[in-house]
Every structure is written in C-alpha cells, then in structure tokens.
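This report refers to the structure that appears directly beneath it.
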Amino acid sequence: MIVAALVLSLSSCRKIKDISITSVKLEAVSPEGLRGLNVFLAVGIDNPAMQIELTEIHGALKHSGKVLGRLAMDPVKVQARSAEIYHVRAVVTLAEGAGLKDLMVLMDEKALDECMIDVSVRPKLKSGLSAPINIKDIPLKKLLENAGNESR
C-alpha cells in the first residue's frame, strides 16, 4: 500500500509517473511480539523509468483521527525499465493507546472506507539524489483500488 502511495506521489517526471503497481499478494504473516506482525508481500511493479530505491518507508493507519497502527517497511530497490515482482517485508504494530476493540471497528466496511493513511518515504535515484516525501490523509480505499485489491 505504501509503495502504491509513493507511485501516486512521484508525478514530477514523465517516466516516473508511468511507474505502476501491477499486483499485490500477501505471502505470509507472522507475529512480532505481542503488538505487531511481520507482513510479507509480493508486489508487482512495472517501472519504465530509471532505478529508484525506496528507503525510510513509514506509515500510519488512522480512523476518525486516531492512529490505530504504524508500519515500517524494508527498503526496496526498483530496477530500471523492468516489470518484476518484489518481495518485501513490513512490520505492522498496534499504536500506543490503540487496542483490539479499535481494530474490530475495521471489520465494518463503512468504517474501513473512513480510514486514512499517512506515508513517509525517501526515494533515492541511482545518481544519489534523494528527498523525503510525506503524504497525509490518503484514503485507504483509494490505495486498495490502485493496488488492484478492490475486493477484500
């Protein structure tokens, strides 16, 4: 989801704007302590542009202004002019003050439609140029649709 948000935000370069997420597949989930999960994803990315490395990837899931969870993702190097599947790991943790009751709200489709995501990422070009990108209040529904996951 965060990679999809990044692709939406990289619209300054014509070729970079053409980068697209072609698939997202959940491969595995494993517990990470008492309040977290390791989530392993296979993300298909079609990149007609230059090589980009995505680092310092962080996110927050919010519902009604309350942060329910935080996400940190391992860096991803997207190869130039390629269409490949990238295997990535994300650590998802329950936010301080959020409990199981808050997560159960997300089982209601209407509540899920009200969820927003904040994303922070530092894309780095092969030349070494890098600048942080912060995107706030991305509708979760929009990210799921852009990733090809309209049905849950």
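Applying the Karplus relation 6.51 cos²θ - 1.76 cosθ + 1.60 with θ = phi - 60° to region 18-32 yields 3J(HN,Hα) values of 7, 5, 9, 8, 9, 6, 9, 10, 6, 9, 6, 9, 9, x, 10 Hz, where x marks Gly and Pro.
Coupling constants for region 132-141 follow from the phi torsions by the Karplus curve (6.51 cos²θ - 1.76 cosθ + 1.60, θ = phi - 60°), and in residue order they are x, 10, 10, 10, 10, 6, 7, x, 4, 4 Hz; glycine and proline get x.
Under the combined filter of DSSP loop state and at most 16 neighbouring Cβ atoms within 10 Å, region 52-101 retains these GluC sites (Glu not before Pro): Glu96. Of all aspartates and glutamates in the structure, those lying under 20 Å Cα to Cα from Lys141, and not within fewer than 8 positions of it along the same chain, are Asp102, Asp108, Glu109, Asp113, Glu114, Asp118, Glu150. Segment Glu32..Glu109, full-extension length gain: 25.1 nm, with 0.36 nm per residue of separation and the alpha-carbon distance subtracted.
Read-outs throughout are calculated quantities, based only on the coordinates presented, and are distinct from any laboratory measurement. Here the structure is a predicted model, which means the values were calculated and not measured. Glycine also receives a Cβ, built like all others from the backbone with ideal geometry; neighbour counts cover every protein chain displayed.
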